[in-house]
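Bear in mind these aren't lab numbers, they're just calculated from the coordinates by the rules spelled out. Everything quoted here is computed from the prediction, not taken from an experiment. Here the Cβ positions follow ideal geometry from the backbone for every residue, glycine too, while neighbour counts run over all protein chains shown.
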Amino acid sequence: MKDIREDIAWAKINQDVMKSLENPRPMYWVILFFAALVLAVGIGCEVYQYRTGMGVANLDNPHVWGLYIGTFIFWIGMSHSGTLLSAILHLMHADWRKPIYRFAEAMTTFSLMTAGLFVLMHLGRLWQFYYAVPYPNERWAWPNFQSPLIWDAMAMFTYLSSSVLFLFIGMIPDIAIARDNMHSGWRKKLYTLLALGWEGTDRQWRNFRMTYLTVACFLIPLAVSVHSIVASDFAVSQQPGWHVTSFPPYFVAGALYSGCAAIITLFIILRYVFKFEDYMTLPILKKVVRLTFAIAMVWTYLNCVEFASVWYSHDAASKGVLIQKMTGAYAPFWWAMIFCGSIVPLIFAVKRFQTNIPVIFATSLLMNLGMWLERWMIVSPTFSHGYYPWTWDHDQWPSMIQWGIVFGSFGWFTLLFMVFCKMFPSVSMYEVKEMVYHRSLHLKQNGTPVEQTVEQGVH
Amino acid sequence: MSVTNLLDNWAEVRHFHPIDDKPHDPYKWAMSIDLDACIGCNACAVACYAENNLPVVGREKFQHGQVMHWMRIERYWNEDDREFPDQGAEFLPMMCQQCEAAPCETVCPVGATNHTQDGLNSQIYNRCIGSRYCSANCPYKVRYFNWYDYPTTDNVWPAEMNYQLNPDVTVRGKGVMEKCTFCVQRLRAAEVTAKGEGRIVREGEVQTACQQSCPTNAISFGNLVDPESRVYKQWKAQQVDLAKDEQEKDKQEGGSDLRGYRILEDLRTYPSVMYLERVRESAV
Amino acid sequence: MIDSEFDRRDFLKVLGWGGAAVALSGCGNTSIEDGKETIVSYVQAKDYVIPGVAVYFNSTCAQCDAGCSITGKIREGRVLKLEGNPESPINKGRLCGLGQASVQHHYNPDRVREPLLRQGDKGEAISWEKAYGLINEKLSGVKGEEIAFITGDVSGHQKVLLGNYMDSLGSKNHFVYEAAAPAVVRAANLKAYGVEMPRYRIDKAKVVLSFGADFLGTWVSPVHFAQQYAAFRKGVDGQRGVLIQAESKMTLTGANADRWLAVRPGTEGILALGIINALGIATGDVAQLVKDYDKARVSRDTGVEPSHIDKIAAILRLRSPSLVLAGSAAEGYVHGMQNAEAINLLNYVLGNVGKTIESPVSVPFPQLAPSKGNTASLKRLNDDLAAGKYKVLFNIATNPVFTAPASYKFGDSMAKAGFKVAFAHYLDETALQADLVLPLDSEMEDWGTHVPEYLTETAQINIQQPLMERLHANTRGMGDILLALVKQRKPEEYKAFDDYYGYLRGAMLQNKGALGGAEKDDDNFWNDTLSNGIVKLSGPSSALSGKADVAGLKLPAPREADKEYPLRLIASVTSNLRDGRHTNQPWIQESPDPLTTIVWDSWIEMHPKKAAELGIVEGDIVKVTSRTGSISAQVYVFPGIHPEAVSIPIGRGHEAMGRYAKGYGVNPFSIMDSVFESTTGELAMHETNVNIAKTGQRVIVVKDEGPVGGKQMGARIAVSRSTDQVDLSKEV
Ligand SMILES: Nc1nc2c(c(=O)[nH]1)N[C@H]1C(S)=C(S)[C@@H](COP(=O)(O)OP(=O)(O)OC[C@H]3O[C@@H](n4cnc5c(=O)[nH]c(N)nc54)[C@H](O)[C@@H]3O)O[C@H]1N2
Ligand SMILES: Nc1nc2c(c(=O)[nH]1)N[C@H]1C(S)=C(S)[C@@H](COP(=O)(O)OP(=O)(O)OC[C@H]3O[C@@H](n4cnc5c(=O)[nH]c(N)nc54)[C@H](O)[C@@H]3O)O[C@H]1N2
Ligand code: SF4
Ligand code: SF4
Ligand code: SF4
Ligand code: SF4
Ligand code: SF4
């Protein structure tokens, strides 16, 4: 089966994608409405928490961290898929990524922006957040560069700015198409501005490809390092259960996993909402599904490695944490994580389900849930154990405020993402054209008749 | 503001550890608590409330684990399987151990918790942004976070009750971390007075509030580098060395007959509080 | 320390302008106009006010009757913190948590601030002139025997003035009431030693065998005994003192024992006789008395293992002197006196009398010595009130409506008195039922002298002096009130005294010689007295005159299990709460109970075995029913209690007394049966039998310990070792 139809005319590609900027299915507005609603709830909760104090989140001693940190890791993890699809697969010349990498990249950017919010919201004194920024000041007070939180802040900032850059650079040719096809008005002005005078000259294309490749090469180690550093927040601490050297690869695997699962979810939604059936095709979906399955198995393997190394280390405290996770107050969630993360993806081993959209959609949601639970299970059960028995088995459940903010973050992300997809071409037109072009060349060589219009509309 | 400044500045940050070329001089504040003398009466904990402006959070917040007692008296049962705890309970006053290599310090993103020249783990309220990483990383779980703005919370310090606040100690607002300071305001006052008189603080000149109230004198506090001080003598007699993660006496075959030990010492936190084991009569 | 012209009334004036009060409020809305009468510039401040520098004044702790001396830290006219006065041999510079919390009594936002006259259900604020006038009016035509006074322990010049006032009214009805006083032990001591309170020398004893005397927590003079205990543990001749505690519910002292014995409730006396028997050194009458108390029987009756009786007898034989104490746990029964006598007998058998039981010193001014409270007096007062004997009742800061067993119906009895005056700090349960409530100064605003019941090395008079200006303009000191009242009756005799301060100063100066100030001029003497906070006296020792008297000593057999009410209710006294008069001090509410670590609430202690039998787990709300009534509270499963008993602490369950007390917990007095000790008529606090029924509700117990409770899970946290593994002589 071919990834996409080979006979789509380039002009049709332009038309189809440009349509997504104008008239999506009504479902789009429904999603937008609910996202805004959820975000409003989240904002309300945050304002209340800001004014009253972190206590309203129901955090306590020893549970000083909770869902906020868990959800923070979740969003960071999700950001990895964009880099995986656009940069890694780009370097590996995996053609099938072309219709879908754009939205994955957007996902990276917006999930990072969401993650960043959690870092801030979690602070007891949000209004002093800039103390963590190394800015020159007359007191010569620097942040503590020894703290993984500072590494975090820097890594995230670098990753976010690079991702935005990467997303933007990759969009330039498409923005130019949008500029040329948009009726006049503020959007046309915007595209004109953002297209940076793209004319599609040879020289521009050469520079473009060079730049894109460079940023891609830069982004890959960055992505790996970001989640390794987030893992260091835990691994560098002395809390049993966190103080594990395998945390960085484990976090990266989890990140790729949750990113892929999220791509599947959004793939299906966008395909429907923006009528992208011709581009986000089942064969592509199938490839993503298979990739996700592979990563799920890697993640499962790393889990086992972690359990085994804890078990054989004979470190009583770490073992205690593990047992606590499996049998303590959080056990239902922990087992739900194992189920969603390791058992559910086995469905993808069945060929029949690899292209069954409802099944894939449901599975992807469950996997997302599993990955979110994983992050929560890294944070909270550990605080129920530790070195000091006086605080053991103390469970802490998030308050409605904490839940509200966590849900609000989903609203925030969805809102940003959906607005982006309607503002900018979420399918890379020029790369899809490349796919079609290569294929039609191929067909031509085979002597198969091809529609004349194929190359129309190219710059 | 230059890179040199940053580097110099940075090199000084972890300056004050008990390493050979930088000994504690002239002060290293330390404590020892005799668990055989401690009767678990809580007087020390109340004294700490009074001295350090600790808020009373009320039943609901206490239930949520948001109590602010810098000093907590833990009560353990030793005889888990017997019908009755027929050798009594064990009481353990637990507060910040003022670790020499404090896990809380290294992780604080803004350096709000620091090691001081006189061997304290200090907490700079103004600098703290409330990330709570320090608490996550404290093995003893003795850091207390201001989950609410207690000064403006109903019935914490209502009119007149606020008169009792100690002006020498900040009243902390919401969002900052706090913990036992070894009553640093008393230490500083004594140090400044002594400095003005061209000497160092003498043994007995400064007491922590908890030590001062303790009816059984279970708590000793003083300058560990002053051979005249009681803590120095106690640590010496108990062969507990500040800069070790396992004491020589504990390596002996059959253990030692000395009672001094430090809690979770093997984590290499180098705590500044030595405990003396509780004793129970073998003849009854 | 202070100059002679010093006027403490200036303190508040300083406060009004000094601005220390803005610690929290920042820029408040106090205008200079508002406070113009109280402006005093720091430029001319008194020399005891040094901005930013604390000054210290000595006074006396009034939170319990132990009479510890305090040193108040004062800055800019505010008292900030209380520390122990090192000069007092009672507490030697130390202070218990309860004592420290008294600043929260002083600053309590729920204090009564104006004289209040009952108008239906409300109190109308009136002036002091009107209040005094009203009292005068109500007393006119009332005979002396129709007037009653109820107070707590009272001593010193206030006692004298109260006596004078009562004389002027012709009333002899002074009821001295304390809900948790060792009254039965006093009676037994009087019989055994010839004094109610001998001087106990825990510090000299090598073994202390205590039958429920919680001397580290609540008994008699806990800070003092805790200091003795510290010395005792360090040891006499290098030998560490051994503490054995026998009681049905573990007290703080029991929690510190080397051996804690869970005795069946009420069998403390039997155990004492059993130990005498096992010692095998008694002769004569005593030997005769104990001959039936063999190990097997005693063990059966008390639940104490025979091997423990042997070991205790062995160590008592081996290590001398020892000290045997009879405490509240032993006295709370119908046969409490018998229990206490049997226990005291042990001291004779062991030869402790005169060694660790010494003759006490006494204050050479008997008129200043304390009137000691008990519960029998409340019973008498209640009976009299119920019989309509009194037309006027004066209540000085006691709260019997809260602490009288519900079966007394004290509130109803009190209603029969025509006019009830309550001198009170708070609108507590009793003050709410009064016709006239007169607001008292706190102990930190008032003058006074106190003589503690339990004296140590020397006789002493404790001075109470204001640590700061009164917070509320319309409260008055009890001494000033008594002076004003007695002036109504005998204006001529008292006209020389403007206020109680003048009276007190005059009274002290009159005895300057006897108080050790013969060489000093009046001002110096007075200033030194205030500065020291105590006057140490060389008082006579009252000799120990009792003997090992076995006549009439007959202990009842252990109680048969009551089918309907199978469990004993031990209404326990805890070191934080005492009788509940300080429950409204937030530090006290939030100070975890040392044994259960519970805060802000009541609980029912139940042995794990009993709980398992009844299918009860921690946090279950159960209904505790006695013949008198029932209450519901949360269960705390607690190993330190005999399975035949359950325990509820007294002190919580207030229905009044302000925001920090009202509505927290339950009051066990409300289900306590009226059963009395047979010899003394004291309320037998442990004689109530109850049954327990689950209500089906469950709560999370609000406590400091975590869910794993007191288990250390193999970690080296609180470590102990036995005496044979340690060499204490090497220690500093
Ligand atoms: N509660 C209270 N209020 C008072 C007073 C009081 O004692 N108590 N005192 C009153 C008196 S006498 C005075 S003079 C005023 C003072 O009132 P302000 O002038 O407000 O005094 P500060 O808060 O000391 O300083 C103001 C700001 O200047 C910043 N700053 C420091 N150095 C520099 C610099 O080189 N350049 C710039 N641009 N900014 C700098 C500081 O960081 C600070 O944020 O307050 C008055 N108000
Ligand atoms: N660390 C630090 N030091 C500072 C400053 C700072 O920000 N930080 N700010 C500086 C500045 S801007 C200022 S203006 C100065 C202020 O410094 P000062 O002038 O010392 O100000 P105060 O201490 O507020 O007031 C001085 C005294 O005046 C008395 N006083 C009050 N009312 C009267 C009155 O009616 N008549 C007379 N005769 N006396 C009265 C008060 O009791 C008090 O003792 O501090 C300076 N010093
Ligand atoms: S005990 Fe905890 S808070 Fe104190 S210094 Fe050590 S790690 Fe830091
Ligand atoms: S809570 Fe404050 S002290 Fe603790 S790590 Fe965060 S910023 Fe540092
Ligand atoms: S040393 Fe001071 S701050 Fe620390 S527990 Fe004792 S009283 Fe509190
Ligand atoms: S005051 Fe002393 S005896 Fe009481 S709990 Fe504290 S350390 Fe122990
Ligand atoms: S024992 Fe009594 S008098 Fe002494 S400090 Fe405690 S409450 Fe005050």
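At a glance:
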| item | result |
| --- | --- |
| Residues with amide H under 5 Å from that of C:Ala633, placed H, sequence gap 5 or more | C:Val622, C:Val624 |
| Inter-label distance for C:Lys730 and B:Thr4, nm, one decimal - labels placed 7 Å from Cα along Cα-to-Cβ | 5.4 |
| Which of C:Leu440, C:Leu117 has the fewest Cβ neighbours within 10 Å, and the rest in rising order | C:Leu117, C:Leu440 |
| Neighbourhood charge, 15 Å Cβ-Cβ cut-off, centred on A:Glu306 and excluding it, Lys, Arg +1 and Asp, Glu -1 | +1 |
| Net charge over other residues, Cβ less than 12 angstrom from the Cβ of C:Ile270 (K, R count +1; D, E count -1) | +2 |
| Histogram of C-alpha separations across the protein assembly as shown, 10 Å bin width, % | 1, 7, 14, 17, 17, 14, 10, 7, 5, 3, 2, 1, 0, 0 |
| 20 Å reach of a label modelled at B:Ala189, 7 Å along Cα-to-Cβ, counting backbone N of segment C:68-102 | C:70-87, C:93-96, C:100-102 |
| Dimensionless Rg ratio for segment A:217-327, taking C-alpha atoms and the 2.2 N^0.38 Å reference | 1.36 |
| Rounded, prolate or oblate (a/c below 1.5 giving rounded, otherwise prolate when a/b exceeds b/c) for segment B:3-276 by Cα gyration tensor | rounded |
| Calculated P(r) of segment C:183-358 - Cα pairs past 24 Å, % | 26 |
| Inter-part distance where segment A:261-323 and segment B:66-141 are each reduced to a Cα centre, Å | 39 |
| Residue order, fewest to most surrounding Cβ atoms within 10 angstrom, among C:Glu137, C:Glu560 | C:Glu560, C:Glu137 |
| Leading residue at positive end of dipole, the protein assembly as shown (Cβ point charges), from C:Leu614, C:Thr398, A:Leu117 | A:Leu117 |
| Interatomic Cα distance distribution for chain A, bins of 10 angstrom, percent | 4, 19, 29, 25, 14, 6, 2, 0 |
| Inter-label distance, nm, simple model (7 Å from Cα along the C-beta direction), C:Asp528/C:Thr283 | 5.2 |
| 42 Å tail of the calculated P(r), chain C, as % of Cα pairs | 30 |
| Förster-model FRET efficiency, 22 Å R0, B:Arg199 and B:Thr170, C-beta, rounded to 0.05 | 0.15 |
| Förster radius 41 Å - calculated FRET efficiency between A:Ile343 and A:Ile169 (Cβ-Cβ, nearest 0.05) | 0.55 |
| Degrees, to the nearest 10: C:478-489 long Cα axis against longest axis of chain C | 60 |
| Amide H partners (placed H, <5 Å) of C:Ile70, local residues excluded | C:Ser59, C:Thr60, C:Cys61, C:Asn85 |
| Nearest-ten-degree value, helix C:306-318 long axis tilted from longest Cα axis of chain C | 70 |
| DSSP bridge orientation in chain C - percent antiparallel, rounded to nearest 5 | 55 |
| Under 13 Å, Cβ to Cβ, from C:Ile598 - net charge with Lys/Arg +1 and Asp/Glu -1 | -3 |
| Potential lengthening between C:Ala314 and C:Ala612 on full extension [0.36 nm per residue; Cα-Cα distance subtracted] | 103.7 nm |
| Euclidean distance between Cα centres, segment B:185-248 to segment C:459-500, Å | 45 |
| Two-site label geometry, A:Gln15 and B:Ser282: point separation in nm, points 7 Å out along Cα→Cβ | 9.8 |
| Anisotropy class of segment C:679-732 from Cα gyration tensor, a/c 1.5 cut | oblate |
| Cα gyration tensor category, rounded, prolate or oblate, for segment C:150-286 with a/c compared to 1.5 | prolate |
| Amide H within-cut-off set for C:His654, under 5 Å, with H built and near neighbours excluded | C:Gly663, C:Tyr664 |
| Crossing angle, helix A:202-235 versus chain A [Cα axis fit, 0-90 degrees, rounded to tens] | 20 |
| Selected from C:Ser729, C:Ala684, C:Gln712, residue furthest toward positive end of dipole (segment C:567-731; charges at beta carbon) | C:Gln712 |
| Separation between Cα centres of segment C:400-439 and segment A:385-405, rounded to whole Å | 46 |
| Computed lengthening from C:Ala415 to C:Arg698, 0.36 nm per intervening residue step minus Cα-Cα distance | 98.0 nm |
